[in-house]
Amino acid sequence: MTNPLRDILINARQESIRMQHYYIGVEHLFIGMLALQNGLTGALIEEQGLTPDYLIDAIRRTTGKGVKLRMWAGLPNSPRADIVLSIANDLAIERGKDVDQISERDLLLAVMEENDSVPLRVLRKLNVDTAVLKREAANRQPKYEGRQSYVQIEFSPSFSALDALNDDHLFILRRMFYGHDRIRIEKKLAGGYSSAVLLLITPTNSEGMEEAPVVAKIDAQDLILDEAQRYDLHVRGSLPSLTARLEDKPTTADACEVAGLRYTFVAPPNGRDGSPMSVRELGAEKIGHWLKSELFPTFGKTWWMQRHSYRFQVWSEYDYLLPPVLTIEFQQEDPANPPKHVLRDPIRRGKLAEIEYGDVIAIEGFTVQRVFRDKGIVHIANGRGSDAAKRAYKISVRGMNLSDAAYYRGEPIERIVGRVWKNRDELLHASAGAIYPDFDTHAAILPGIPEADPLPNPLTGYTALLEQYVNGTLSKIHGDLHLGNVLVGTHEAPFLIDFAEARVGHVLMDWASLEMSALAEFVVPVYGSNWESVREAARGLYAINRGETIASSNPDHDAAFRPIKAIRSIAGECLNTPDKWGEYQVALAMCSLRAITWDTMSVGGRRLLLYTAALAFHELQSRPSRTGFDTDTDMGGTPLET
């Protein structure tokens, strides 16, 4: 028997009060059904590739939060809610029940029958097949049982025991391949620098026939669901014909915190093995040619080469890559202890510099970017402008009671108060401290590169760079183009995966991100990870910046830098102005500075990328004419014309 109306109404009233609406609308009734434990609505939504929490968040973004001032007593029904309840009553009578026994099924079918409420509009926007949802709601047995068959999971000999999967991963895999007899996990693909798990899998159907290999990605639920939405918005219509595609809905489960996506591949001709491999497996000797001859021409036509000129401030494209500008402890506003500072748009970095540890501050006009309910943390950000600019000036708010407060992504924050606990500088220097520096990270210059003396410390100079203007190019970009997201298939065909950051943005960000990854994974293993070795590698990068030959008698050193040279060649074709490399050095500086915060990257990789950022700063400040930089501007607040 499904849940009765009284349980749904309890949840609906709580939702209305949390959202400061003080009426009962169809949106509250629908959220009331989604909030039920083991409810029919939540189960059917999961089968459509969403989670109840994700859908609740989307409905809240659409309705918005009301005002604190209550204009009437009680919680009256909206006219549309009365219509839906009337339809549900009729359905209950048809089933031989009286009005007090309206069930969750009756109410869900009534919402579907009415067909024009906020929840239905949100479902269509999220590409949910409402016809299927209505049919399943009508036909599913009253007591919902998860239709979870047991899928046997096998491991190939090449799957390392060190790559063991946890119970949540196995649960999602079995749900992802529902209807199959078994799956064989061939190998764990080396991913990027997040918590995502990438697996190469061969499914076997119920008739015992092996199907084409697929790549399964498992990550946090909201990240997976956002990736699916970005794929539909930015990627689906722009992919070349022979490439990986995201064809299935996301696989979710309310019982665990992760979700999965399945990337399918074009089958190879004549039954030959077409299992994709990581681009890393090509090796440094070959990868450069492959990037120029396969990846760039294949995707460039509809991505990087469809660009146009774009003048922007660096912060609007790159601020979101860095740690929060502030971390504050939430507190209720106290009239006896008013905030010392008020932050509101437009943000002035000079104002941020005045804020000290322990100050009570108020933030106005920001937008919720992400909610971590299990940790009591909310990230708020600028919320205006382009996709990247909306995530700029991120502030982390700790100590929130999220069981009572209905914060949701995209919610405008009128005002929030807290006490400053940390700032961005502290977080960056803490990350630098984690790579065991043999120098003072607060010094103005970094040691060890005589050719680039003085070499500016990016940890002390990034704030000025964020305020500079760049004449760049704008196009569709991957947004997270590192070696872990590039695969090689049949006949060395290129495949891209992980579109969680796909957007329209600065073209050179993709190539700077790829260079950053190649430096960490091809150069560091050859040179070594200690500081002396890292500085020797940095001198090689300095030579590349200047168009010079790497001064090393070791042939492996030159080979390690070949992917970097190929990436620079591609980046050169994407510059807004030919041979004006300042635009690229800006992207490289910011992407490299971000990487030092990744504890999933090797210590040697983070060390080299700190020096990579420093060398980019050096090029931007010196800009000798022989490398194409302007020579009539500086980093002291003058617009950077690249």
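The set of residues in the range 276-293 being within 26 Å of the chain's Cα centre (by Cα) and either at pLDDT below 85 or not β-branched (Val, Ile, Thr) (or both) consists of PRO276, MET277, SER278, ARG280, GLU281, LEU291. The residues of the range 27-49 that are closer than 23 Å to GLN229 by Cβ and of a type in the set (A, V, I, L, M), listed by number, are ILE31, MET33, LEU34, ALA35, ALA43, LEU44, ILE45. Taking the condition without any contact (Cβ under 8 Å) to a residue 40 or more places away in the chain, surrounded by 21 or more Cβ atoms within 10 Å (Cβ to Cβ), part of a helix (DSSP H, G or I) and of a type outside the set (A, V, I, L, M, F, W, C), does GLY42 pass? Judged against the criteria, GLY42 is not a match. Looking across the range 322-331, the residues that are of a type in the set (A, V, I, L, M, F, W, C) and surrounded by 18 or more Cβ atoms within 10 Å (Cβ to Cβ) come down to LEU322, VAL325, LEU326, ILE328. The single condition among (1) over 26 Å from LEU519 (Cα atoms); (2) without any contact (Cβ under 8 Å) to a residue 60 or more places away in the chain that SER293 does not meet is (1). Return yes or no: is ILE416 more than 19 Å from the chain's Cα centre (by Cα), closer than 20 Å to ARG61 by Cα and β-branched (Val, Ile, Thr)? The answer is yes for ILE416.
Would you pick out the residues in the range 412-426 that are part of a helix (DSSP H, G or I) and buried (at least 17 other Cβ atoms within 10 Å of the Cβ)? Residues satisfying the conditions are ARG424, ASP425. Would you be able to say whether some residue in the range 448-456 is over 15 Å from ARG535 (Cα atoms), in the same structural domain as PHE617 (by TED's automatic domain parsing) and more than 25 Å from the chain's Cα centre (by Cα)? The answer is no, given that none of the residues of the range 448-456 is over 15 Å from ARG535 (Cα atoms), in the same structural domain as PHE617 (by TED's automatic domain parsing) and more than 25 Å from the chain's Cα centre (by Cα). Taking each residue of the range 414-439 that is over 30 Å from ALA336 (Cα atoms) and looking for partners that are in a strand (DSSP E or B) with beta-carbon atoms closer than 7 Å, six or more apart or interchain, yields PHE439/LEU446. Within the span defined as the range 352-371, every residue fails to be under 27 Å from GLU501 (Cα atoms), at pLDDT below 85 and not aromatic (Phe, Trp, Tyr).
Flag not set for GLU515, criterion: assigned to a helix (DSSP H, G or I), surrounded by fewer than 22 Cβ atoms within 10 Å (Cβ to Cβ) and at pLDDT 95 or above. Return the residues of the range 356-389 that are closer than 14 Å to PRO324 by Cα, in contact with a His (Cβ under 6 Å, 6 or more places away or on another chain) and not polar (S, T, N, Q); say none if nothing qualifies. The answer is ARG370, and nothing else. Between ALA244, ALA220, ALA216, the distinction of being under 30 Å from ASP53 (Cα atoms), touching a residue at least 12 places away in the same chain (Cβ under 8 Å), surrounded by 16 or more Cβ atoms within 10 Å (Cβ to Cβ) and out of contact with any helix residue (DSSP H, G or I) (no Cβ under 9 Å at 6 or more places or on another chain) belongs to ALA244 only.
Among the residues of the range 97-112, is any surrounded by fewer than 20 Cβ atoms within 10 Å (Cβ to Cβ), at pLDDT 85 or above and not hydrophobic (A, V, I, L, M, F, W, C)? No, the range 97-112 has no match at all.
For (1) over 16 Å from LEU588 (Cα atoms); (2) touching a Lys or Arg at 6+ places or on another chain (Cβ under 7 Å); (3) among the basic types (Lys, Arg), each residue gets a yes or a no:
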site: PRO494; (1), (2), (3): yes, no, no
site: MET509; (1), (2), (3): no, no, no
site: TYR527; (1), (2), (3): yes, no, no
site: ARG535; (1), (2), (3): yes, no, yes
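When restricted to residues that are part of a helix (DSSP H, G or I) and free of Cβ contacts under 8 Å to residues at least 60 places away in the same chain, the range 107-129 contains 7. I'd like to check something: does the range 182-190 contain any residue that is surrounded by 19 or more Cβ atoms within 10 Å (Cβ to Cβ), more than 14 Å from GLU154 (Cα to Cα) and touching a helix residue (DSSP H, G or I) at 6+ places or on another chain (Cβ under 8 Å)? Checked against the condition, which is being surrounded by 19 or more Cβ atoms within 10 Å (Cβ to Cβ), more than 14 Å from GLU154 (Cα to Cα) and touching a helix residue (DSSP H, G or I) at 6+ places or on another chain (Cβ under 8 Å), the range 182-190 yields at least one hit.
Filtered by the rule that a residue be farther than 30 Å from ARG424 by Cβ, surrounded by fewer than 19 Cβ atoms within 10 Å (Cβ to Cβ) and not polar (S, T, N, Q), the range 291-315 gives LYS292, GLU294, PRO297, GLY300, LYS301, MET305, HIS308. On the stretch given as the range 254-274, residues that are closer than 24 Å to ASP168 by Cβ, crowded, with 20+ Cβ neighbours inside 10 Å and modelled with pLDDT under 80 total 0.
The values are calculated or read from the model by the stated rules, or taken from the named source; none is laboratory data. A quick note: this is a predicted structure, and the numbers were derived from the prediction, not measured. Cβ: placed from backbone, ideal geometry, glycine included. Neighbour counts: every protein chain shown.
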